[in-house]
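Here is the structure we will look at, set down as structure tokens.
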Amino acid sequence: MFHRIWAALLYLYGFLLNAMDQCPEQSPLTALGMDKKETHLGLWYFIAGAAPTKEELATFDSVDNIVFNMAAGSAPRRLQLRAAVRMKNGLCVPRKWIYHLTEEKGNTDLRTEGRPDMKTDLFSSSCPGGIMLKETGQGYQRFLLYNRSPHPPEKCVEEFQSLTSCLGFKAFLVTPRSQEACELSSH
């Protein structure tokens, strides 16, 4: 009788422990392949970021919102990215860079021109109109959530935070997006 009670308690303890651990056993990330590259083009809004430490997200501390436009480059396997960064103090800061596309193990790998240490991987998001990027560079790695809408459902942000936390990215940042987005420059 004692053994049955003990076994039942151990089973219940294991069940409760697994219920608290919401992390899936398999990798919850689905890489986006090159065949879907056209879905990456167009306007994107930066929503949230996650990293192992706060320092890896510090570059976004003074940011209110960022809007991006990704367009096909002037040469094959190149993407031109333009961004308009709205700082919390109201200033608009334009940015632009070029990604070089490579295919590695079936997923899209983006290399930033002029920054050989930086690698960006694209992943699907469970959020409608969403995409996740994993940036890895010298001394940092972070996941970034983008969406076609500047204000996606809160559930999208919660799912992103839960997923990245399961992967060990415990520092989290959500852009306020309380100010109007800056206008993207045409060049």
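The values are calculated or read from the model by the stated rules, or taken from the named source; none is laboratory data. Just so it is clear, the structure is predicted and the values come from calculations on it, not from any experiment. Positions of Cβ are backbone-derived with ideal geometry, glycine not excepted, and every protein chain shown enters the neighbour counts. Each accessible area value is taken on the protein alone, full model and side chains, heavy atoms only, with ligands, DNA and RNA left out. Shrake-Rupley method; radii C 1.70, N 1.55, O 1.52, S 1.80 Å.
All but one of (1) at pLDDT 85 or above; (2) farther than 27 Å from residue 137 by Cβ hold for residue 20; state the number of the condition that does not hold.
The failed condition is (1).
Cβ-Cβ distance below 9 Å, separation of 6 or more or different chains: which pairs start in segment 137-160 with a residue that is more than 23 Å from residue 110 (Cβ to Cβ) and end on one that is open to solvent by 20 Å² or more (accessible area, probe 1.4 Å) and β-branched (Val, Ile, Thr)?
What qualifies is 157/174.
Among the residues of segment 163-181, is there at least one that is modelled with pLDDT of 95 or more and aromatic (Phe, Trp, Tyr)?
yes
When you look at residue 133, is it touching a Leu at 6+ places or on another chain (Cβ under 6 Å) and not acidic (Asp, Glu), yes or no?
yes
Just one of the numbered conditions (1) in contact with a helix residue (DSSP H, G or I) (Cβ under 9 Å, 6 or more places away or on another chain); (2) open to solvent by 50 Å² or more (accessible area, probe 1.4 Å) is not true of residue 100; which one?
Residue 100 satisfies all of (1) in contact with a helix residue (DSSP H, G or I) (Cβ under 9 Å, 6 or more places away or on another chain); (2) open to solvent by 50 Å² or more (accessible area, probe 1.4 Å) except (1).
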